[in-house]
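Values quoted throughout were computed directly from the atomic coordinates according to the rules given, and no laboratory measurement underlies them. Computed from a predicted structure; not experimentally measured. All Cβ positions, even for glycine, are placed from backbone atoms using ideal geometry, and neighbour counts span all protein chains on display.
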Amino acid sequence: MALNPPTDSGYVMLNGKILPRDGARISPEMNGIYHGTGAFETMLSDRGAIFRFEDHVQRLQRGLQYLELQSDAFQDAEYLRGDVEKLLDANGLQEKRSRVRIQVSEAGDGGYSTQAPLPGITLITADELPDAAVNPVRLVTSPVRTIPSASRPAELKLSNMLHYRDAMRRAKRKGADDALLLSTGGRVAETAIANIFWFRKGIIRTPSPACDILPGIMRDALKRMVKESFVEQFEMEEGGFHPEDLHGAECAWITNSVRGITPVSSLDETNFETEHPSFMYLKKKMSGYIKAGLE
């Protein structure tokens, strides 16, 4: 039975305990605050079902391994799934669409010490999302570049992602919905919140991990769907593409775990067809693929 959420608050789960959102407390003296030492995952709960939940948890655990947190911070997928279900129920979201975020941050103030691993705190939040269709997005090319993998593992969702925040804020000030980031080598990489694909001359193109992207769960799913479904009319190519290649595309779209597949209406001064037949066909196929992968 769902709890009665406090007015304008709702519940969160902190270290396995369901608490009022405005009543959850953590210590201010912790590396998670001082240094942004943590990892997180964001996903869509569609009436209690989550697409590729275990993939999210596995990436979260890789992030915690990189941060060298204590072993008790590593919770398996089944345990975390139970916590998410409890929180959805507490907030009355089991039959609604919601955005779920699992955040694990390093507790304690160890600074840069390597003497012993520190424990983690786990915060899970769930917020209702509208059922309305997602509108096409307008992109602008950002002066902010992706961070090279030689500096930090680009494939992990680590808490300290201020370059994405900076890029998004700059884009919104220009009236856009999202920012296109290039690699330090000037190749198309990703947006501030998503991976990007485009269709040109019968080929689906997307930046490769060598462009220092964060390869999303939905990006991987789209690639697998095209390969496993043997969609004959589509060929997919990963690589390091110059911005001119994207500007010359017939259509483009972005992917992430909460929004799914969203068409791009424009990039800078270039306009794209948002209902291109190939994109609409691919989106329809992907919708069925996602439903089959809900957990």
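Just to be sure I understand: of the beta bridges DSSP finds with both ends in segment 137-292, what percent are antiparallel, rounded to 5?
Within segment 137-292, antiparallel bridges account for around 60 percent of the total.
Please list the three semi-axes, largest first and in whole Å, of the ellipsoid equivalent to the chain, using sqrt of 5 times the eigenvalues of its alpha carbon gyration tensor.
Over the Cα atoms of the chain, the semi-axes work out to 33, 23, 18 Å.
When DSSP assigns beta bridges and you keep just the ones with both residues in the chain, what percent turn out antiparallel, to the nearest 5?
Among the beta bridges of the chain, antiparallel pairing accounts for roughly 80 percent.
Name the residue, out of Arg152, Arg97, Arg138, whose mean-square fluctuation peaks in a Gaussian network model built on the chain with Cα pairs under 10 Å.
Arg152
If you place +1 on the Cβ of every Lys and Arg, -1 on the Cβ of every Asp and Glu, and leave all else neutral, what size is the dipole of segment 137-292 about its Cα centre, to the nearest 20 Debye?
580
Cα centroids of segment 172-198 and segment 262-295: how far apart, whole angstrom?
Each part's Cα centre sits 17 Å from the other's.
Looking at segment 194-230, which trypsin sites (Lys or Arg not before Pro) are in a loop (DSSP not H, G, I, E or B) and have at most 15 other Cβ atoms within 10 Å?
Within segment 194-230, the qualifying trypsin sites (Lys or Arg not before Pro) (loop, at most 15 other Cβ atoms within 10 Å) are Lys201.
Among rounded, prolate and oblate, which fits segment 26-165 when a ≥ b ≥ c are the square roots of the eigenvalues of its C-alpha gyration tensor, a/c under 1.5 means rounded, and a/b larger than b/c means prolate?
oblate
Between 0 and 90 degrees, rounded to the nearest ten: what's the tilt of helix 217-228 against the longest Cα principal axis of the chain?
Relative to the chain, helix 217-228 is tipped by roughly 50 degrees.
Quick one: work out the % antiparallel among DSSP beta bridges in segment 199-280, nearest 5.
So the antiparallel bridges amount to about 65 percent of the total.
Provide Phe234, Phe197 in ascending order of the number of other Cβ atoms located within 10 Å of each residue's Cβ, fewest first.
Going from least to most buried by this count: Phe234, Phe197.
With a 10 Å Cβ neighbour count serving as the proxy for reagent exposure, in which order, fewest first, do His247, His56 appear?
If I rank by nearby Cβ atoms, fewest first, I get His247, His56.
Rounded to the nearest 500 deg cm²/dmol, what is the calculated helix-only ellipticity per residue at 222 nm for the chain, with -39500 (n - 2.57) per DSSP H run of length n ≥ 4?
Taken over the chain, the calculation gives -8000 deg cm²/dmol.
Taking N as the number of residues in segment 137-292, what value does Rg over Cα atoms divided by 2.2 N^0.38 Å take?
Taking N as the residue count of segment 137-292, the ratio is 0.98.
Would you order Ser45, Ser151 from fewest to most other beta-carbon atoms within 10 Å of each residue's own beta-carbon? Spell out each step's value before the answer.
Values: Ser45 25, Ser151 9.
Taking fewest neighbouring Cβ atoms as first place, the list is Ser151, Ser45.
With an 8 Å Cα cut-off and a minimum separation of 6 or more residues, compute the relative contact order for the chain in percent.
That works out to 18 percent.
Beta carbons within 10 angstrom, averaged per residue: use that to sort the peptides 13-21, 182-190, highest first.
The peptides rank, most packed first, as 182-190, 13-21.
For the chain, with the dipole built from +1 on Lys and Arg beta-carbon atoms and -1 on Asp and Glu ones, taken about the Cα centre, which of Ile18, Met168, Thr206 lies farthest toward the positive end?
Checking the options against the dipole of the chain, the answer is Met168.
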